[in-house]
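Written below as C-alpha coordinates is the structure these notes are about.
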Amino acid sequence: MTDDGVIAIDAPPTIGENMLAAIEDVTDKPVTHVIYSHWHTDHIGAASVFGPNVEIVAHEITKELLERFPDPNRPIPTLTFDKEHTLTVGGVILELSYKGENHCPGNIFIYAPAQKVLTVIDIISPGSATFMHCDASQNITGWYQAQEQLLEFDFDFLVAGHHMKYGTPETVKASIEYFADVLDGAQAAVDRFSRSDALISILDGAGWDKVFVGTENWINSMANYATKYVLEKRSSNGQLWSERLAGVTTQTKYHAYTVLESIRLERPRPNYRLRGENAPPFLT
(Lines give C-alpha, C1' and ligand atoms only; values in the text may rest on other atoms or scores of the structure.)
Protein backbone atom coordinates (compact mmCIF):
# COMPACT_ATOMS: atom_id res chain seq x y z
CA MET A 1 0.00 0.00 0.00
CA THR A 2 1.13 3.56 -0.70
CA ASP A 3 -0.34 6.99 -0.06
CA ASP A 4 -1.40 7.15 -3.71
CA GLY A 5 -2.65 3.60 -4.28
CA VAL A 6 -1.72 -0.06 -4.32
CA ILE A 7 1.16 -1.70 -6.16
CA ALA A 8 0.34 -5.32 -7.04
CA ILE A 9 2.92 -7.89 -8.05
CA ASP A 10 1.60 -10.55 -10.44
CA ALA A 11 -1.92 -11.97 -10.58
CA PRO A 12 -2.00 -15.78 -10.57
CA PRO A 13 -5.16 -17.16 -12.18
CA THR A 14 -5.47 -19.69 -9.34
CA ILE A 15 -6.05 -16.69 -7.03
CA GLY A 16 -7.86 -14.54 -9.58
CA GLU A 17 -10.40 -12.10 -8.13
CA ASN A 18 -9.55 -13.22 -4.60
CA MET A 19 -6.47 -11.03 -5.00
CA LEU A 20 -8.80 -8.03 -5.32
CA ALA A 21 -10.75 -9.23 -2.29
CA ALA A 22 -7.54 -9.47 -0.25
CA ILE A 23 -6.55 -5.94 -1.22
CA GLU A 24 -10.02 -4.64 -0.36
CA ASP A 25 -9.70 -6.22 3.08
CA VAL A 26 -6.89 -3.83 3.99
CA THR A 27 -7.46 -0.65 1.97
CA ASP A 28 -10.02 1.31 -0.03
CA LYS A 29 -7.32 2.65 -2.32
CA PRO A 30 -7.31 1.46 -5.94
CA VAL A 31 -4.60 -0.60 -7.59
CA THR A 32 -2.60 1.91 -9.61
CA HIS A 33 0.45 -0.17 -10.58
CA VAL A 34 1.02 -3.82 -11.45
CA ILE A 35 4.47 -5.37 -11.74
CA TYR A 36 4.96 -8.49 -13.84
CA SER A 37 7.67 -10.76 -12.44
CA HIS A 38 7.83 -12.56 -15.80
CA TRP A 39 5.54 -13.47 -18.64
CA HIS A 40 4.32 -16.95 -17.62
CA THR A 41 0.57 -17.28 -17.42
CA ASP A 42 0.58 -19.18 -14.10
CA HIS A 43 1.83 -15.95 -12.49
CA ILE A 44 0.16 -13.13 -14.42
CA GLY A 45 -2.74 -14.91 -16.15
CA ALA A 46 -5.36 -12.90 -14.22
CA ALA A 47 -3.77 -9.46 -14.58
CA SER A 48 -6.83 -8.23 -16.44
CA VAL A 49 -8.75 -8.13 -13.11
CA PHE A 50 -6.98 -4.85 -12.31
CA GLY A 51 -8.72 -3.11 -15.19
CA PRO A 52 -7.50 -1.06 -18.14
CA ASN A 53 -6.18 2.01 -16.32
CA VAL A 54 -3.29 0.58 -14.29
CA GLU A 55 0.37 1.17 -15.07
CA ILE A 56 1.94 -2.21 -15.87
CA VAL A 57 5.68 -2.43 -15.24
CA ALA A 58 7.82 -5.26 -16.64
CA HIS A 59 11.11 -6.08 -18.27
CA GLU A 60 11.28 -5.22 -21.95
CA ILE A 61 11.63 -8.91 -22.87
CA THR A 62 8.35 -9.64 -21.08
CA LYS A 63 6.63 -6.99 -23.19
CA GLU A 64 8.17 -8.43 -26.36
CA LEU A 65 6.94 -11.93 -25.52
CA LEU A 66 3.41 -10.76 -24.65
CA GLU A 67 3.23 -8.81 -27.90
CA ARG A 68 4.36 -11.92 -29.76
CA PHE A 69 1.88 -14.19 -27.96
CA PRO A 70 -1.04 -11.89 -27.05
CA ASP A 71 -3.42 -12.80 -24.25
CA PRO A 72 -6.28 -10.52 -23.14
CA ASN A 73 -5.80 -11.69 -19.56
CA ARG A 74 -2.15 -10.57 -19.66
CA PRO A 75 -2.31 -6.94 -20.82
CA ILE A 76 0.77 -5.53 -22.52
CA PRO A 77 3.14 -3.67 -20.14
CA THR A 78 2.96 0.11 -20.32
CA LEU A 79 6.38 0.79 -18.75
CA THR A 80 9.46 -1.34 -19.39
CA PHE A 81 13.13 -1.28 -18.46
CA ASP A 82 16.38 -3.00 -19.45
CA LYS A 83 18.69 -3.44 -16.45
CA GLU A 84 17.31 -1.45 -13.50
CA HIS A 85 14.31 0.66 -12.61
CA THR A 86 13.26 2.37 -9.38
CA LEU A 87 9.49 2.57 -9.00
CA THR A 88 8.35 5.22 -6.52
CA VAL A 89 4.64 5.46 -5.74
CA GLY A 90 3.17 7.42 -2.84
CA GLY A 91 6.38 7.35 -0.83
CA VAL A 92 7.02 3.63 -1.36
CA ILE A 93 10.13 2.55 -3.27
CA LEU A 94 10.56 -0.71 -5.16
CA GLU A 95 13.87 -1.47 -6.84
CA LEU A 96 13.51 -3.61 -9.97
CA SER A 97 16.50 -5.30 -11.57
CA TYR A 98 17.20 -7.75 -14.37
CA LYS A 99 20.29 -9.91 -14.02
CA GLY A 100 19.92 -11.97 -17.18
CA GLU A 101 17.94 -15.03 -18.20
CA ASN A 102 17.34 -17.56 -15.42
CA HIS A 103 13.97 -19.26 -14.98
CA CYS A 104 12.99 -17.58 -18.23
CA PRO A 105 13.99 -14.48 -20.20
CA GLY A 106 12.75 -11.32 -18.49
CA ASN A 107 12.36 -12.74 -14.96
CA ILE A 108 13.14 -9.87 -12.59
CA PHE A 109 14.15 -9.17 -8.99
CA ILE A 110 11.74 -6.90 -7.06
CA TYR A 111 13.09 -5.45 -3.81
CA ALA A 112 11.40 -3.30 -1.18
CA PRO A 113 14.37 -1.85 0.74
CA ALA A 114 12.40 -0.19 3.55
CA GLN A 115 10.42 -3.36 4.24
CA LYS A 116 13.37 -5.67 3.47
CA VAL A 117 11.16 -7.88 1.33
CA LEU A 118 12.47 -9.49 -1.86
CA THR A 119 10.23 -10.96 -4.55
CA VAL A 120 11.84 -13.29 -7.09
CA ILE A 121 9.63 -15.93 -8.65
CA ASP A 122 10.45 -19.54 -9.59
CA ILE A 123 14.07 -19.58 -8.39
CA ILE A 124 13.57 -21.41 -5.11
CA SER A 125 10.55 -22.72 -3.22
CA PRO A 126 11.04 -22.16 0.52
CA GLY A 127 10.95 -25.42 2.46
CA SER A 128 10.71 -27.68 -0.57
CA ALA A 129 12.74 -29.12 -3.42
CA THR A 130 10.73 -27.03 -5.94
CA PHE A 131 8.68 -28.41 -8.82
CA MET A 132 10.23 -30.83 -11.28
CA HIS A 133 12.94 -29.94 -13.79
CA CYS A 134 14.23 -27.01 -11.71
CA ASP A 135 10.78 -25.45 -11.76
CA ALA A 136 10.55 -25.89 -15.54
CA SER A 137 13.34 -23.35 -15.97
CA GLN A 138 14.95 -22.55 -19.30
CA ASN A 139 18.50 -21.50 -18.47
CA ILE A 140 19.67 -23.85 -15.73
CA THR A 141 23.10 -22.30 -15.35
CA GLY A 142 21.47 -18.88 -15.02
CA TRP A 143 18.92 -20.35 -12.61
CA TYR A 144 21.73 -21.57 -10.36
CA GLN A 145 23.34 -18.14 -10.57
CA ALA A 146 20.06 -16.48 -9.56
CA GLN A 147 19.95 -18.53 -6.36
CA GLU A 148 23.25 -16.98 -5.28
CA GLN A 149 22.09 -13.54 -6.43
CA LEU A 150 19.20 -13.71 -3.93
CA LEU A 151 21.75 -13.50 -1.13
CA GLU A 152 23.15 -10.25 -2.52
CA PHE A 153 20.05 -8.51 -1.14
CA ASP A 154 19.49 -7.50 2.49
CA PHE A 155 16.09 -9.13 3.00
CA ASP A 156 14.13 -10.60 5.88
CA PHE A 157 11.39 -12.16 3.77
CA LEU A 158 11.32 -13.71 0.29
CA VAL A 159 8.20 -14.07 -1.83
CA ALA A 160 9.07 -16.89 -4.22
CA GLY A 161 5.84 -17.98 -5.91
CA HIS A 162 3.79 -21.19 -5.75
CA HIS A 163 4.07 -21.47 -1.97
CA MET A 164 2.08 -19.93 0.85
CA LYS A 165 5.26 -20.11 2.94
CA TYR A 166 7.53 -17.09 2.75
CA GLY A 167 11.27 -17.56 2.55
CA THR A 168 14.11 -16.28 4.70
CA PRO A 169 17.86 -16.13 4.12
CA GLU A 170 18.13 -19.50 5.89
CA THR A 171 15.62 -21.22 3.60
CA VAL A 172 17.43 -19.76 0.60
CA LYS A 173 20.73 -21.17 1.87
CA ALA A 174 19.12 -24.59 2.37
CA SER A 175 17.87 -24.61 -1.22
CA ILE A 176 21.26 -23.53 -2.53
CA GLU A 177 22.90 -26.38 -0.61
CA TYR A 178 20.40 -28.95 -1.92
CA PHE A 179 20.86 -27.92 -5.53
CA ALA A 180 24.63 -27.84 -5.07
CA ASP A 181 24.36 -31.50 -4.13
CA VAL A 182 22.19 -32.15 -7.19
CA LEU A 183 24.87 -30.51 -9.33
CA ASP A 184 27.64 -32.52 -7.68
CA GLY A 185 25.75 -35.77 -8.21
CA ALA A 186 24.96 -34.91 -11.82
CA GLN A 187 28.57 -33.95 -12.52
CA ALA A 188 29.79 -37.23 -11.05
CA ALA A 189 27.29 -39.10 -13.24
CA VAL A 190 28.43 -37.27 -16.37
CA ASP A 191 32.09 -37.91 -15.54
CA ARG A 192 31.40 -41.63 -15.11
CA PHE A 193 28.78 -42.45 -17.73
CA SER A 194 29.14 -39.80 -20.42
CA ARG A 195 32.59 -40.90 -21.63
CA SER A 196 32.88 -41.85 -25.26
CA ASP A 197 34.45 -45.19 -24.37
CA ALA A 198 31.47 -46.00 -22.11
CA LEU A 199 29.05 -45.48 -25.00
CA ILE A 200 30.66 -47.79 -27.57
CA SER A 201 28.49 -50.76 -26.63
CA ILE A 202 25.35 -48.62 -27.04
CA LEU A 203 26.24 -47.09 -30.38
CA ASP A 204 28.51 -49.52 -32.23
CA GLY A 205 26.48 -51.50 -34.77
CA ALA A 206 23.28 -51.35 -32.72
CA GLY A 207 20.94 -50.02 -35.41
CA TRP A 208 18.67 -47.02 -34.97
CA ASP A 209 16.02 -48.61 -32.72
CA LYS A 210 18.58 -50.03 -30.34
CA VAL A 211 20.53 -46.76 -30.33
CA PHE A 212 17.52 -44.89 -29.00
CA VAL A 213 16.75 -47.57 -26.43
CA GLY A 214 20.38 -47.53 -25.38
CA THR A 215 20.58 -43.75 -25.10
CA GLU A 216 17.41 -43.69 -23.00
CA ASN A 217 18.97 -46.23 -20.62
CA TRP A 218 22.19 -44.21 -20.62
CA ILE A 219 20.44 -40.97 -19.63
CA ASN A 220 18.35 -42.80 -17.02
CA SER A 221 21.50 -44.37 -15.58
CA MET A 222 23.01 -40.93 -15.07
CA ALA A 223 19.82 -39.52 -13.53
CA ASN A 224 19.51 -42.52 -11.21
CA TYR A 225 23.16 -42.22 -10.17
CA ALA A 226 22.76 -38.53 -9.32
CA THR A 227 19.45 -39.13 -7.52
CA LYS A 228 20.98 -41.85 -5.35
CA TYR A 229 23.87 -39.53 -4.51
CA VAL A 230 21.50 -36.79 -3.29
CA LEU A 231 19.04 -39.02 -1.43
CA GLU A 232 21.80 -40.80 0.49
CA LYS A 233 23.86 -37.70 1.32
CA ARG A 234 23.62 -36.07 4.73
CA SER A 235 23.10 -32.34 4.50
CA SER A 236 25.06 -29.81 6.56
CA ASN A 237 22.78 -30.18 9.60
CA GLY A 238 23.08 -33.97 9.62
CA GLN A 239 19.66 -34.64 8.14
CA LEU A 240 18.93 -36.42 4.89
CA TRP A 241 17.48 -34.06 2.34
CA SER A 242 14.20 -35.99 2.48
CA GLU A 243 14.02 -35.05 6.17
CA ARG A 244 14.78 -31.41 5.51
CA LEU A 245 12.87 -30.37 2.37
CA ALA A 246 9.45 -31.41 1.11
CA GLY A 247 9.26 -33.23 -2.22
CA VAL A 248 12.85 -34.45 -2.32
CA THR A 249 11.97 -38.11 -2.85
CA THR A 250 9.78 -37.40 -5.87
CA GLN A 251 11.39 -34.34 -7.45
CA THR A 252 15.12 -35.06 -7.23
CA LYS A 253 15.16 -37.44 -10.21
CA TYR A 254 13.65 -34.75 -12.43
CA HIS A 255 16.12 -32.15 -11.19
CA ALA A 256 18.97 -34.61 -11.71
CA TYR A 257 17.99 -35.20 -15.35
CA THR A 258 17.67 -31.47 -16.05
CA VAL A 259 20.92 -30.55 -14.33
CA LEU A 260 22.98 -33.26 -16.00
CA GLU A 261 21.63 -32.16 -19.37
CA SER A 262 22.57 -28.57 -18.52
CA ILE A 263 26.10 -29.78 -17.74
CA ARG A 264 26.27 -31.39 -21.16
CA LEU A 265 24.73 -28.39 -22.99
CA GLU A 266 25.58 -25.20 -21.08
CA ARG A 267 28.77 -25.70 -19.11
CA PRO A 268 32.38 -25.92 -20.33
CA ARG A 269 33.64 -29.35 -21.36
CA PRO A 270 37.09 -30.58 -20.38
CA ASN A 271 37.92 -31.99 -23.81
CA TYR A 272 36.66 -32.97 -27.24
CA ARG A 273 37.30 -35.67 -29.81
CA LEU A 274 40.72 -35.66 -31.35
CA ARG A 275 41.55 -36.81 -34.86
CA GLY A 276 42.04 -40.46 -35.67
CA GLU A 277 40.22 -43.76 -35.41
CA ASN A 278 41.53 -44.62 -31.93
CA ALA A 279 41.30 -41.19 -30.35
CA PRO A 280 41.49 -40.85 -26.54
CA PRO A 281 38.16 -40.91 -24.66
CA PHE A 282 36.28 -37.63 -24.31
CA LEU A 283 33.04 -36.46 -22.66
CA THR A 284 30.10 -36.66 -25.05
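Quick notes on this structure:
- Among the strands (runs of 3 or more DSSP E) confined to the stretch 97-170, the ones with at least 3 residues that are open to solvent by less than 30 Å² (accessible area, probe 1.4 Å) and not polar (S, T, N, Q) are located at 109-112.
- Looking across the stretch 225-284, the residues that are touching a strand residue (DSSP E or B) at 6+ places or on another chain (Cβ under 9 Å) and assigned to a loop (DSSP other than H, G, I, E, B) come down to Lys233, Leu245, Gly247, Arg269, Pro270, Asn271, Tyr272, Pro281, Phe282, Thr284.
- Leading residue by the ranking (least open to solvent (accessible area, probe 1.4 Å)) among those in the stretch 177-221 that are farther than 30 Å from Ser125 by Cα and among the acidic types (Asp, Glu): Asp197
- Residue within the stretch 173-190 that is farther than 23 Å from His38 by Cβ, assigned to a helix (DSSP H, G or I) and touching a strand residue (DSSP E or B) at 6+ places or on another chain (Cβ under 9 Å) present: yes
- Flag if His85 is within 25 Å of the chain's Cα centre (by Cα) and not in a loop (DSSP other than H, G, I, E, B): yes
- Entry remark, the stretch 222-231: residues being open to solvent by less than 40 Å² (accessible area, probe 1.4 Å) and not polar (S, T, N, Q) number 4 in total.
- Considered as a group, the residues in the stretch 232-260 that are among the polar types (S, T, N, Q) and within 20 Å of Trp143 (Cα to Cα) include one that is least open to solvent (accessible area, probe 1.4 Å), and that residue is Thr252.
- Some residue of the stretch 63-75 being acidic (Asp, Glu), open to solvent by 40 Å² or more (accessible area, probe 1.4 Å) and modelled with pLDDT of 95 or more: yes
- Filtering the stretch 17-29 to residues that are open to solvent by less than 70 Å² (accessible area, probe 1.4 Å), assigned to a helix (DSSP H, G or I) and touching a residue at least 12 places away in the same chain (Cβ under 8 Å) leaves Met19, Leu20, Ile23.
- From the options Thr32, Thr14, residue that is assigned to a loop (DSSP other than H, G, I, E, B), open to solvent by 20 Å² or more (accessible area, probe 1.4 Å) and polar (S, T, N, Q): Thr14
- The condition of being part of a strand (DSSP E or B), among the hydrophobic types (A, V, I, L, M, F, W, C) and open to solvent by 50 Å² or more (accessible area, probe 1.4 Å) holds for Ile93.
The values are calculated or read from the model by the stated rules, or taken from the named source; none is laboratory data. Since this is a predicted model, take the numbers as computed values, not measurements. Heads up, the Cβs are rebuilt from the backbone with ideal geometry, glycines too, and the neighbour counts pull from every protein chain shown. These area figures cover heavy atoms from the full protein model, side chains too; ligands, DNA and RNA do not enter into them. Shrake-Rupley method; radii C 1.70, N 1.55, O 1.52, S 1.80 Å.
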